[in-house]
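Contents: one structure, followed by commentary.
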Amino acid sequence: AYRNMLERTREILGEDTFMLGCGGSSGCAFAGVGYFDSTRVGPDLFTWDKLCETVGLVREYYPLHNNAIMVDADNVVLRDEYSTMAEARSRLSLVSLLGLPITFGDDLPALQSERIDILKRGLPVMKTYPASLACPVSDGKTQLSVLKIAKSYEDYTVIGLLNMSDKSVTRELGFATELRVESGDYIAYSFFEEREIYPSDDSITLTVAPHDTAVVALRRKTGKPQLLSTSRHLTQGAAEISEVSYAEGKLSIRASLIGGDEYRVAIYVPGGYECTGVGLGEYEQKGEILRLKYMPKQTGKYRFDLSFGRA
């Protein structure tokens, strides 16, 4: 009877209407597979304890995500009544890195600007699929999410390490084991901290404050100036960049930007190179890291050309 009702509902609403099953448990919600676009797997998310409970449920059902149905972790609640800034970053990062639907849990005009900015970094929702039945994984204190990004110009990895405990934690993540990348010479960048990280040849060590999340882009060094990170989205390039190329001393980046949203780009400049000019924006280079800032006046596509010479 339930599925007959859903079938008729879908016929009335049409295929273009997004239907979310809010049963909150597998017994009810997953009876709607085939009719619902997404289904909720946990309780209302207000307290931190309820979020941690939902983390486990998301992990349990994530293999079904974008295969049978979209897994929903409930509303993203960011207001300070329920979340510190660290917890707000974690709530957004949990759903964004796994490509879960983002439903707003706050009165947005009343939400503080810095929390609105956190919300922006998870939009748009990315189309992601489980890389394995064991991802994301947890050791009881932290949850590790590993996002493999394949673009026409580059393959790279985004790491999300959620600290569910009340104390700072440090984890060493092996390339071959936890991250499933080949050993080699990599450069990494922490999204929220806006700082570079130099891993070893076979692992990266991350320290995360209580209830916070580290979001880190891991890229293999090319030996030439290369894109390291962007501020537009937690995926650090995947949401807005359509092209990256380096030829004849020029690094070119094509990106779709939002008017009025400052765009920050981090570039890794290996020894022996120095920037001689940029086409758009202002830049500053300290050591091997060049930081470029640009404020687009309107939404549209932009091209950044950075020239490099031998130091």
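Observations on the structure shown:
- Residue check for ARG291: surrounded by 16 or more Cβ atoms within 10 Å (Cβ to Cβ), of a type outside the set (Ser, Thr, Tyr) and part of a strand (DSSP E or B): yes
- When residues in region 239-256 are screened for being open to solvent by less than 70 Å² (accessible area, probe 1.4 Å), in a loop (DSSP other than H, G, I, E, B) and free of Cβ contacts under 8 Å to residues at least 40 places away in the same chain, 1 of them pass.
Condition check ((1) over 19 Å from GLY99 (Cα atoms); (2) of a type in the set (Ser, Thr, Tyr)) across all residues:
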residue	(1), (2)
LYS148	no, no
VAL181	yes, no
SER190	yes, yes
THR205	yes, yes
VAL208	yes, no
GLY237	no, no
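- Residue in region 257-267 that is aliphatic (A, V, I, L, M), open to solvent by 20 Å² or more (accessible area, probe 1.4 Å) and under 23 Å from the mean Cα position of the chain (by Cα) present: yes
- Any hit, region 19-29, residues being touching a strand residue (DSSP E or B) at 6+ places or on another chain (Cβ under 9 Å), surrounded by fewer than 19 Cβ atoms within 10 Å (Cβ to Cβ) and of a type in the set (Ser, Thr, Tyr): yes
- Output for region 75-108, where each listed residue is open to solvent by less than 20 Å² (accessible area, probe 1.4 Å), closer than 17 Å to CYS22 by Cβ and without any contact (Cβ under 8 Å) to a residue 40 or more places away in the chain: VAL77, VAL95
- Positions within region 201-219 being surrounded by fewer than 20 Cβ atoms within 10 Å (Cβ to Cβ) and either modelled with pLDDT of 95 or more or in a strand (DSSP E or B) (or both), in sequence order: ASP202, SER203, THR205, THR207, ALA209, PRO210
- Test result for ILE116, modelled with pLDDT of 95 or more, open to solvent by 20 Å² or more (accessible area, probe 1.4 Å) and among the β-branched types (Val, Ile, Thr): yes
- Restricting region 279-288 to residues that are loosely packed, with under 14 Cβ neighbours inside 10 Å and outside any loop (DSSP other than H, G, I, E, B), the residue that is modelled with the lowest pLDDT: LYS286
- The condition of being open to solvent by 60 Å² or more (accessible area, probe 1.4 Å), hydroxyl-bearing (Ser, Thr, Tyr) and part of a strand (DSSP E or B) holds for only one of THR222, THR276, that being THR276.
The values are calculated or read from the model by the stated rules, or taken from the named source; none is laboratory data. Every value quoted in this text rests on a predicted model; they were computed, and no experiment measured them. All Cβ positions, even for glycine, are placed from backbone atoms using ideal geometry, and neighbour counts span all protein chains on display. The protein model used for the area step is the full one, side chains on, heavy atoms only, and it has no ligands, DNA or RNA in it. Shrake-Rupley method; radii C 1.70, N 1.55, O 1.52, S 1.80 Å.
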